[in-house]
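Shown next, in structure tokens, is the structure this report addresses.
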Amino acid sequence: ILHSLRDQGVKVYVDDFGTGYSSLTYLKRYPIDGLKIDRSFVDGIADDPDDQAIATAVIGVARALGVAVVAEGVETEAQRVELMARGCTLAQGFLFHQPMTEAALASLLERRR
């Protein structure tokens with residue numbers, strides 16, 4: 001199914017990487033385009049050496065595999081700076097914008113044109 005979706009142009013990312021059932025085996029077995037660093041590691045990245053080490057490791061794995069890496073749950077400028085310093089250039093979270101409806105997003109994009 002993942003191969004079929006990818007053939008249709010759908011990007012496949014492993015969500016919450018490093019938690020739950022995520023496994024390094026998935027990185028070999030499935031056609032993925034990127035990893036998402038779980039917010040539980042992003043929360044303390046500005047001052048927790050363990051979170052810093054885990055985020056750095058996930059970014060390194062993604063780079064070695066040639067896939068993208070996205071940080072989830074970025075809420076502060078300090079988190080953004082720490083992630084950027086480690087080579088993570090894609091992020092999502094309240095720092096950038098609150099969740100919104102499809103109609104609100106369409107309106108926002110129209111205003112920015």
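Checked against (1) on the phi > 0 side of the Ramachandran plot; (2) more than 15 Å from the chain's Cα centre (by Cα); (3) of a type outside the set (A, V, I, L, M), Gly18 meets all criteria but (2). Checked against (1) open to solvent by less than 40 Å² (accessible area, probe 1.4 Å); (2) farther than 20 Å from Lys11 by Cα, Asp50 passes all but condition (1).
Of all residues assigned to segment 94-106, at least one qualifies as being polar (S, T, N, Q) and without any contact (Cβ under 8 Å) to a residue 12 or more places away in the chain.
Filter segment 35-51 for residues that are outside any loop (DSSP other than H, G, I, E, B) and touching a helix residue (DSSP H, G or I) at 6+ places or on another chain (Cβ under 7 Å) and give the result.
The answer is Leu35, Ile37, Phe41, Val42, Asp51.
On the given criteria, is Pro31 modelled with pLDDT of 90 or more and touching a His at 6+ places or on another chain (Cβ under 9 Å)? Criteria met by Pro31. Summed over segment 31-47, residues that are of a type outside the set (S, T, N, Q) and either over 25 Å from Gln98 (Cβ atoms) or open to solvent by 50 Å² or more (accessible area, probe 1.4 Å) (or both) total 6. Inspection of segment 92-107 identifies no residue that is within 14 Å of the chain's Cα centre (by Cα), crowded, with 16+ Cβ neighbours inside 10 Å and among the hydrophobic types (A, V, I, L, M, F, W, C).
Looking only at segment 11-30, residues that are open to solvent by less than 70 Å² (accessible area, probe 1.4 Å) and in contact with an Asp or Glu (Cβ under 9 Å, 6 or more places away or on another chain) come to 6 in all. Restricting attention to segment 64-88, which residues are farther than 22 Å from Pro31 by Cβ and either in contact with a Ser or Thr (Cβ under 6 Å, 6 or more places away or on another chain) or surrounded by fewer than 16 Cβ atoms within 10 Å (Cβ to Cβ) (or both)? Listed by number, the residues that qualify are Glu75, Thr76, Glu77, Ala78, Val81, Met84, Ala85, Arg86, Gly87.
The values are calculated or read from the model by the stated rules, or taken from the named source; none is laboratory data. Given the structure is predicted, the values throughout are model-derived calculations rather than measurements. Methodologically, a virtual Cβ is constructed for each residue, glycine included, from the backbone with ideal geometry; neighbour enumeration extends over all protein chains shown. These accessible areas exclude ligands, DNA and RNA; they are computed on the full protein's heavy atoms, side chains included. Shrake-Rupley method; radii C 1.70, N 1.55, O 1.52, S 1.80 Å.
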